[in-house]
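The values are calculated or read from the model by the stated rules, or taken from the named source; none is laboratory data. Computed from a predicted model, the values in this text were never measured in an experiment. In this analysis, Cβ positions are derived from the backbone assuming ideal geometry, glycine residues included, and neighbour counts consider all displayed protein chains. Heads up: the accessible areas ignore ligands, DNA and RNA and are worked out on the full protein's heavy atoms, side chains in. Shrake-Rupley method; radii C 1.70, N 1.55, O 1.52, S 1.80 Å.
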Amino acid sequence: MSKTLVIGTIAIVLLIFALVGFFLWQKQSSPVPSPTSELQTRVLDTSDWQTYRNDEFGFEVKYPSDSIIQEQTGTMNEDFYLIRVDLQGSSDEFTRVQVQSKEVGRNLVRWSLAEFVDFWKRGIIGHAADKIDQETTIAVDEKAGVKLVYQGFEGPKIVVMMEGERYFYAISGDSIFTNQILSTFRFVDEGDTA
């Protein structure tokens, strides 16, 4: 083999490696928009949405007028939730709002928000997903909350947990629809259930 042929072959191989490396680097460094970041930059028109309001449990939320809404009450001993509101969107989107007491168990131990979040994590990992992909602190109607993002069986899911005066609130479901519903969530004065 001639010396120029060997040098030419090495130069071509190095050029190919350089081009492949450049394209891989460029692909890795370009941000990929996520559904939640896209939603945060888009203004949501909720002017034709309906409002679900529950004075007893201290919240209201808007939902598209073509959604199906179902309300279920529960008991602490059997269901762990006091009320559950399911919102079914027109394209199989789904969001659930659950209100839960801060006091749990037979001795009515008062939970913190961190304990409530841990309870949800244990329910997600190994049941609905292998892991939590993202955990962030967010504000919902000027109250601190925790948002968990995970890959469910049918796509990306979120759950946001917040603490009111007397109750915990969990809003969960399909990521884009739930983020839309979450953007309309408001605390109202919690009624006296005693």
field: Members of the range 180-194 found to be in contact with a strand residue (DSSP E or B) (Cβ under 9 Å, 6 or more places away or on another chain), surrounded by fewer than 21 Cβ atoms within 10 Å (Cβ to Cβ) and either assigned to a strand (DSSP E or B) or of a type in the set (Val, Ile, Thr) (or both), listed by number
entry: Thr184, Arg186, Phe187, Val188
task: Can you run down the residue pairs with Cβ atoms below 9 Å, 6 or more apart or on separate chains, where the first is in the range 146-169 and free of Cβ contacts under 8 Å to residues at least 24 places away in the same chain and farther than 16 Å from Trp120 by Cβ and the partner is hydroxyl-bearing (Ser, Thr, Tyr) and open to solvent by less than 20 Å² (accessible area, probe 1.4 Å)?
output: Gly155/Ser175
